[in-house]
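Beneath this line is the structure, given in structure tokens, with notes to follow.
The values are calculated or read from the model by the stated rules, or taken from the named source; none is laboratory data. What you see is a predicted model; the values in this text were computed from it and never measured. All Cβ positions, glycine included, derive from the backbone under ideal geometry; neighbour counts span all protein chains shown. Heads up: the accessible areas ignore ligands, DNA and RNA and are worked out on the full protein's heavy atoms, side chains in. Shrake-Rupley method; radii C 1.70, N 1.55, O 1.52, S 1.80 Å.
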Amino acid sequence: MADRKINIFVEEICRVEGHGNIVLNATNGTIEELRLEITESPRFFEAMMLGRRWDEATHISCRICGICSIAHTTTSVRAIEDAFGIEPSEQTLALRKVAYHGEMIQSHVLHFYYLAAPDLLGVPSVFPLIQSHPAEVKRALRLKRLANDLCKVVVGRHLHPCAYLPGTLPRLPERAELEDVHARCVAARADMDAAVALFATLTLPDFERPCEALASWHPDEYGMYECQAIKSTKGDLTEKHDYRQKIREFVVQHSHAKHAETEHGSYMVGALARYRCNSDQLHPRAKEAAAALSLDAHLDNPYAITLAQVVETVHSFEEAIRWLEWALERDLEWEEWSVQPKAGRGVGVDEAPRGLLIHDYTFDGEGKLTAVNCVIPTNQNLNNVEHDFHALVPGIVQRPDEEIQLLLEMLVRAYDPCISCATHMLDVTIKR
Amino acid sequence: MARRIVVLGVGNELRSDDAVGVLVARRLASLDLGEGVEVMEGHTGGLNLLFDIEDADWAIVVDAVDMGSQPGQVEVFEAAEADVRVVERTASLHHVALADVLQLAEMTGVDTRVTLVGIQPQLTLPGEGLSEPVAAKLDEVVELVRGMVEDALESPPPETADGTDKGRGGAAES
């Protein structure tokens, strides 16, 4: 019998953010090469921030991502607040959460409806769905627009917030704006019920590989925002300033983005990782959604990340409603504001839509940055994706090339990678 | 009910002549175009550009468009009449093209009239600043769009078959 050679090279995986390739070479079922190459240019954000003042840090670092810029802003501001000893008021935290969950919703909706659903429905992009599922596409657009508006009402626009400062918000939303988005969020419950019903009918590829999962942890709520520690499915909790004791980032030859590991090897971050760490803290409606999607039966299946995003979107709508109602129950008060820089280190740990996000800043006495480290979700997942590849391929290597390729692409897409954000592999030390 | 007109300048300011739509919008924003007219910088807003135009009766979209003509050439055309197509495998929603947005708008039943003001670029490589032939047309495009808006505000709104102002009556959903 002739040798069967598989040579799959997916140049620029589609429906992900940024540029990455999949390489698989195998002969008679033996894998010779299998990797996820990250070819997006490195962008040197951390080096760019060195020497910049605290009030520039947030505006530079949020440009790391054009999708989750509010998460980057949030984490950056939390790092500054941690360094300078600033405690924002309950009002500020409540309003920030509205914008934060708005971004979580818009990012998740974009992924599960536009990027992942076509795979699960067997079409190449969202456009054929307009004919076959017109109500779903309109629903997706309606949810995305509402999520954008949740951000805009609080922080000025739906990305790259212009109204977000350490300690406060420089603009208070009008009551009418809050009432408008509140009413639309309540109405969106029906849309999310329909989204859950749709995804409950879809079949995930059959694959399991147990791995460690890390997520931010908060004692009183589902860990997303304002977290103090990192929780592992292995049972340990790491205080946020000590994250380097848990997470080690390293460079590999075939990727412009760093990889990461813990003492147990590769690990997962993102919606499914959060669900695995903290599902008991989800809103009851989100727990119902998880039950409808049988998510607990797929905890070791990375393709189920998409389902976890649907569940979290239900949760984030409930959180947005909760904090909008908090704000509508009182008269919002303008807060006097000042920032006194001081030398020292501050760390922000939150969840970006794609997973655990850390900003670690050290300032001098004038409030200028002397050290910056940003740990990005997609970087942390890359190592895990490759381990998934190696577990997946032996089980599917007898299938036609096209099927193998699609399953590998779908796996990468399931992690919802944001490759542009991840590419900052080079450590640059500037001596002044 | 007053018509709502949106002027949307799109493009990437870091890609030479691709900035022209944004620069036109910025100039128009400093002029008083009249009530019911909103000028927006769409930049590389991707899918979100749909939300900028879908509530308007008329959207004038200004963008660098490769029409295969002389750099600086200006063409005005109705999106409904143009052959706007997208490739099947959309590479990334981070970079959704205007063409995708217009197709999505059409296919999901958005009834905004969309007029494109296209300027043929010379160069769209990374870089700041317009090429000489495109820069030379900036004032002309600003005046062109201002004229289009003024003419529309002076003329009565187009009548639809049932005699109502186009589709804005009952739908309060924003």
Hits in the stretch A:145-159 (condition: farther than 20 Å from A:LEU172 by Cβ, open to solvent by 10 Å² or more (accessible area, probe 1.4 Å) and without any contact (Cβ under 8 Å) to a residue 60 or more places away in the chain):
A:ARG145
Could you figure out which of (1) within 14 Å of chain B (Cβ to nearest Cβ); (2) free of Cβ contacts under 8 Å to residues at least 24 places away in the same chain isn't true of A:ARG184?
(2)
Scanning for something at pLDDT below 90, surrounded by 22 or more Cβ atoms within 10 Å (Cβ to Cβ) and either out of contact with any Cys (no Cβ under 6 Å at 6 or more places or on another chain) or aliphatic (A, V, I, L, M) (or both), does the stretch A:75-90 turn up at least one residue?
no
Condition check: touching a Phe, Trp or Tyr at 6+ places or on another chain (Cβ under 6 Å) and within 22 Å of A:GLU351 (Cβ to Cβ). Does A:ILE67 satisfy that?
no
Please determine, by comparing only the residues of the stretch B:54-71 that are more than 18 Å from B:VAL142 (Cβ to Cβ) and small (Gly, Ala, Ser), which one is modelled with the highest pLDDT.
B:ALA56
Given the conditions (1) surrounded by fewer than 18 Cβ atoms within 10 Å (Cβ to Cβ); (2) away from chain B (no Cβ under 14 Å); (3) touching a His at 6+ places or on another chain (Cβ under 8 Å); (4) more than 19 Å from A:LYS368 (Cα to Cα), report the number of the one that A:LEU93 does not fulfil.
(3)
Kindly check whether there is at least one residue in the stretch A:35-46 that is away from chain B (no Cβ under 13 Å), open to solvent by 10 Å² or more (accessible area, probe 1.4 Å), touching a strand residue (DSSP E or B) at 6+ places or on another chain (Cβ under 9 Å) and free of Cβ contacts under 8 Å to residues at least 24 places away in the same chain.
no
Is it the case that some residue within the stretch A:324-339 is surrounded by 24 or more Cβ atoms within 10 Å (Cβ to Cβ) and touching a residue at least 40 places away in the same chain (Cβ under 8 Å)?
yes
Filter the stretch B:35-47 down to the residues that are within 14 Å of chain A (Cβ to nearest Cβ) and modelled with pLDDT of 85 or more and list them by number.
B:MET40, B:GLU41, B:GLY42, B:HIS43
For A:PHE317, work out the one condition from (1) crowded, with 24+ Cβ neighbours inside 10 Å; (2) over 18 Å from A:GLY102 (Cβ atoms) it doesn't fulfil.
(2)
May I ask you to list the residues in the stretch A:261-274 that are in contact (Cβ under 8 Å) with a residue 40 or more places away in the chain and surrounded by fewer than 24 Cβ atoms within 10 Å (Cβ to Cβ)?
A:GLU261, A:THR262, A:HIS264, A:GLY265, A:SER266
Of (1) of a type outside the set (A, V, I, L, M, F, W, C); (2) in contact with a Cys (Cβ under 8 Å, 6 or more places away or on another chain); (3) on the phi > 0 side of the Ramachandran plot, A:HIS359 fails just (3)
Filter the stretch A:1-34 down to the residues that are surrounded by 13 or more Cβ atoms within 10 Å (Cβ to Cβ) and either away from every other protein chain (no Cβ under 14 Å) or among the acidic types (Asp, Glu) (or both) and list them by number.
A:ILE6, A:ILE8, A:GLU12, A:GLU17, A:ILE22, A:VAL23, A:LEU24, A:ASN25, A:ALA26, A:ILE31, A:LEU34
Of everything in the stretch A:47-70 that's more than 23 Å from A:VAL412 (Cα to Cα) and β-branched (Val, Ile, Thr), which residue is surrounded by the most Cβ atoms within 10 Å (Cβ to Cβ)?
A:ILE70
Residue match in the stretch A:76-87 (condition: more than 14 Å from every other protein chain (Cβ to nearest Cβ), within 17 Å of A:GLY156 (Cβ to Cβ) and not small (Gly, Ala, Ser)):
yes
Filtered residues of the stretch A:160-209 (kept if among the β-branched types (Val, Ile, Thr) and surrounded by 18 or more Cβ atoms within 10 Å (Cβ to Cβ))
A:THR168, A:VAL181, A:VAL196
